[in-house]
Amino acid sequence: MIKVKVAAIKSNPKNPRLIKDDKFKKLVKSIKEFPEMETVRPIVVNKDMVILGGNMRYKAMIECGYKEVNVMVVDWDEPKQNEFIIKDNVGFGEWEWETVANEWDEIELKDWGLDLPMFASPVDYSILDSEDISDQLNDMTNGVKKAIQIEFEAEHYEQAFELVKFWRDKKAYVGGMIMEYLKAEKEKI
């Protein structure tokens with residue numbers, strides 16, 4: 001690892017990831033509040049000083065007023081550089097949300113830049129299982145198709161709506177399609 005002037009480093013035009021707007025502001029804030037991270041997470045560059053890993057951190061450090069940054073220079077051929085660029089940006093892992101919720105402070109996590117999912121409040125469907133109304137429901141729906149509610153995350157709702165509409169327009173039995181999929185998945189368990 002060596003320290004170089006920021007002007008000696010070149011952004012990579014092939015950088016496949018961006019951090020914009022509010023997330024970029026959070027990254028800048030993170031670097032300002034925890035500058036020690038820069039010494040343990042150097043920018044990875046090739047021998048031509050083109051960034052292979054850390055493009056957004058580099059831009060955030062410039063925003064923070066850094067004149068020099070730590071870099072790790074690698075001497076790899078182009079295929080290996082390309083592989084690194086993608087692998088360095090792929091999120092292989094997933095958050096263990098139960099651990100996050102139980103072991104970490106929500107305010108600190110948000111302050112540190114972690115986008116927390118919006119967990120829906122549990123819905124109580126027990127009224128639908130009530131013996132008191134089941135006979136009435138059966139009488140009212142005798143010979144009529146019945147419906148159940150399926151929850152979707154907000155970001156998936158429009159796509160789910162369009163898919164259901166597409167298959168209904170084709171006169172497909174969407175409930176049957178879902179049941180077949182769910183049965184197949186259950187058999188895998």
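State which residue is nearest to the chain's Cα centre (by Cα) when the search covers only the stretch 14-46 and only residues that are modelled with pLDDT of 85 or more and assigned to a loop (DSSP other than H, G, I, E, B). Going through the qualifying residues, I end up with 41.
When 73, 50 are screened for being in the same structural domain as residue 20 (by TED's automatic domain parsing), more than 26 Å from the chain's Cα centre (by Cα) and within 15 Å of residue 15 (Cα to Cα), only 50 passes.
With the requirement that a residue be acidic (Asp, Glu) and farther than 21 Å from residue 84 by Cβ, what does the stretch 1-44 give you? Walk me through it before giving the result.
First, the residues of the stretch 1-44 that are acidic (Asp, Glu): 21-22, 33, 36, 38.
Result: 21, 22, 33, 36.
Could you tell me whether the stretch 86-99 includes any residue that is touching a strand residue (DSSP E or B) at 6+ places or on another chain (Cβ under 7 Å) and either assigned to a loop (DSSP other than H, G, I, E, B) or not aromatic (Phe, Trp, Tyr) (or both)? Yes, the stretch 86-99 contains a residue that is touching a strand residue (DSSP E or B) at 6+ places or on another chain (Cβ under 7 Å) and either assigned to a loop (DSSP other than H, G, I, E, B) or not aromatic (Phe, Trp, Tyr) (or both).
The C-beta contact set for the stretch 9-28 (first residue of a type in the set (D, E, K, R), second residue surrounded by fewer than 17 Cβ atoms within 10 Å (Cβ to Cβ) and assigned to a helix (DSSP H, G or I), distance under 7 angstrom, 6+ apart or interchain) comprises 17/89.
Annotation: of all residues in the stretch 84-103 being surrounded by fewer than 11 Cβ atoms within 10 Å (Cβ to Cβ) and within 30 Å of residue 45 (Cβ to Cβ), the one that is modelled with the lowest pLDDT is 92. Report yes if residue 157 is in a loop (DSSP other than H, G, I, E, B) and modelled with pLDDT of 70 or more, otherwise no. In short, no.
Among the residues making up the stretch 15-28, those that are surrounded by 13 or more Cβ atoms within 10 Å (Cβ to Cβ) and within 25 Å of residue 78 (Cα to Cα) are 15, 19.
The values are calculated or read from the model by the stated rules, or taken from the named source; none is laboratory data. These numbers were taken from a predicted model, which means no experiment stands behind them. Every residue, glycine among them, receives a Cβ derived from its backbone with ideal geometry; neighbour counts consider all protein chains shown.
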